[in-house]
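Asker: Quick one: the structure is below, questions incoming.
The values are calculated or read from the model by the stated rules, or taken from the named source; none is laboratory data. Bear in mind the structure is a predicted one, so any value in this text is a computation, not a measurement. Cβ atoms come from the backbone with ideal geometry, glycine included; neighbour counts cover every protein chain shown. The area values use the complete protein model at the heavy-atom level, side chains included, leaving out ligands, DNA and RNA. Shrake-Rupley method; radii C 1.70, N 1.55, O 1.52, S 1.80 Å.
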Amino acid sequence: MNQNQRLKGQTALVTGANSGIGRAIAVEFAKEGANVVINYVTNKEATEQMLDEIRSFGGIATALEADVSREDQVMAMFRQAIITFGTIDILVNNAGIQRDSAFADMSLEDWLLVLNVNLTGQFLCSREAVREFMRRGLVPERSVSLGKIICISSVHEVIPWAGHANYAASKGGIKLLMESMAQELGPHKIRVNSIAPGAIKTPINKSAWSTPEAEAKLLLLIPYGRVGEPFDIARTAVWLASDESDYVHGASVFVDGGMTLYPGFSTNG
Ligand code: BGC
């Protein structure tokens, strides 16, 4: 447990929380005193291990299975989370997948799957969270805002990505979804932001960092000279979820070791 408990008494729902970036965020939130709802869709065993880990340091968490692209499952998950913890104060839209292929070979199925999970999933979860924030009203002892939404986007909300048109389109969509929600919901004191990670060591991109050759190639894209770790994103998420960042609204916070600085131009152009 962390000393200052920046999220004490708040309830956070993190989607896709049993691996990679989502896992790190959920564990860190629990260390900061939040009640954590771990959403997952596969790998119950990993989820149980995570619950044990969180409970071992005195953290509070529960796990709920739901496919974020399914309206009925998302609504049921929010209902259950609210029964368990009373309300939700923070949503982290983290669930995301890749199904890569050359553009001419991309199947409609892979296009729709990625858009449904990565973009529609963020819409469905955000809508339920906003409904709950508005139902509950402000609780000043817990936070100065009615609720916080953090969208996990990607550097690919601005960097085009050959061979990943579905993924880049989903992340570009998240950018304007987040900004439109921020514009509309700010007056209700709902704070909406994105984190745009660069290359972070998780299962989604293992082939890009798991051998020395692959890592060396990846590092050419990262001016700061190291591949990110899930904790780099988790600590940014804690800050964005806490009142410390209360005036940050409608922002994409790039946590990418400088990947968006177009390092190719440092020796050319
Ligand atoms: C992708 C990773 C990739 C990173 C940087 C992320 O959004 O999921 O596969 O390594 O962007 O390109």
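Asker: Ranked from the most accessible area to the least, with a 1.4 Å probe and all protein chains present, what is the order of 75, 259, 50? Working shown, then result.
Answerer: Working: 75 60, 259 25, 50 0 Å².
So the residues, ranked largest to smallest area, are 75, 259, 50.
Asker: Could you derive backbone 3J(HN,Hα) for segment 249-260 from the dihedral phi with the Karplus parameters 6.51, -1.76 and 1.60 (θ = phi - 60°), listing whole Hz in sequence and x where the residue is Gly or Pro?
Answerer: Once rounded to whole Hz, the list reads 8, x, 9, 9, 8, 7, 10, 9, x, x, 4, 7.
Asker: I'd like the accessible area for residue 111: 1.4 Å probe, protein heavy atoms, all chains in place, Å² to the nearest 10.
Answerer: 90 Å²
Asker: Quick one: if the Förster radius is 30 Å, what FRET efficiency do residue 206 and residue 113 give, using the C-beta to C-beta distance and rounding to 0.05? Show your work: numbers first, answer last.
Answerer: Working: r = 20 Å, r/R0 = 0.66.
Efficiency for this residue pair is about 0.95.
Asker: Can you give the accessible area of residue 206, probe radius 1.4 Å, in Å² rounded to 10?
Answerer: Looks like 110 Å² after rounding.
Asker: What does the accessible area of residue 177 come to, in Å² to the nearest 10, when a probe of 1.4 Å is used?
Answerer: Accessible area, nearest 10 Å²: 40 Å².
Asker: Note the full-extension length gain between residue 104 and residue 261 as 0.36 nm times their separation in residues minus their Cα-Cα distance, in nm to one decimal. Mind showing how you got there, number by number?
Answerer: Working: separation 157, 0.36 × 157 = 56.52 nm, distance 2.94 nm.
Gain in length upon complete extension: 53.6 nm.
Asker: Can you sort 29, 231 by 1.4 Å-probe accessible area, starting with the largest? Intermediate values should be presented prior to the final figure.
Answerer: Values: 29 0, 231 95 Å².
If we order 29, 231 from most to least accessible, we get 231, 29.
Asker: On the protein heavy atoms, probe 1.4 angstrom, tell me the percent of accessible surface of the chain carried by carbon and sulfur. Show your work: numbers first, answer last.
Answerer: Details: 6970 of 12540 Å².
Using a 1.4 Å probe with all protein chains present, the chain comes out at 56 percent carbon and sulfur.
Asker: R0 = 51 Å: FRET efficiency of residue 55 with residue 268, Cβ-based, nearest 0.05? All intermediate terms of the calculation are to be shown ahead of the outcome.
Answerer: Values: r = 52 Å, r/R0 = 1.02.
About 0.45, to the nearest 0.05.
Asker: Please list the helices of the chain that count as membrane-span-like by this rule: a mean Kyte-Doolittle hydropathy of at least -1.0 together with Cα atoms stretching 24 Å or more along the helix axis, each helix being a complete DSSP H run.
Answerer: Answer set is 165-185.
Asker: Still on this structure, I have one more. Work out the FRET efficiency for residue 71 and residue 243 from their Cβ-Cβ distance, taking R0 = 45 Å, and round it to the nearest 0.05.
Answerer: Details: r = 32 Å, r/R0 = 0.70.
It comes out at approximately 0.90.
Asker: Measuring from label point to label point, each 7 Å out along Cα→Cβ, what is the residue 226 to residue 214 span in nm?
Answerer: 2.1 nm
Asker: Which distance in nm do the two modelled labels at residue 4 and residue 84 give, with both placed 7 Å along the Cα-to-Cβ direction?
Answerer: 2.8 nm
Asker: What ranking of 141, 184, 53 comes out by heavy-atom accessible area, probe 1.4 Å, highest first? Working shown, then result.
Answerer: Values: 141 155, 184 135, 53 70 Å².
My answer, sorted largest first, is 141, 184, 53.
Asker: Lysines near residue 201 by alpha-carbon distance under 27 Å, same-chain residues fewer than 8 away left out - which ones?
Answerer: 31, 44, 148, 171, 175, 217
Asker: Sequence-distant or interchain residues sharing an amide H contact under 5 Å with residue 252, placed H: which?
Answerer: Residues meeting the criterion, in which the H sits 1.01 Å from N, are 194.
Asker: Still on this model: Where does the charge balance sit around residue 46 when Lys and Arg score +1, Asp and Glu -1, over other residues with C-beta under 14 Å from its C-beta? Write out the running numbers ahead of the final one.
Answerer: Values: positive: 23, 44; negative: 45, 48, 52, 53, 65.
Neighbourhood net charge equals -3.
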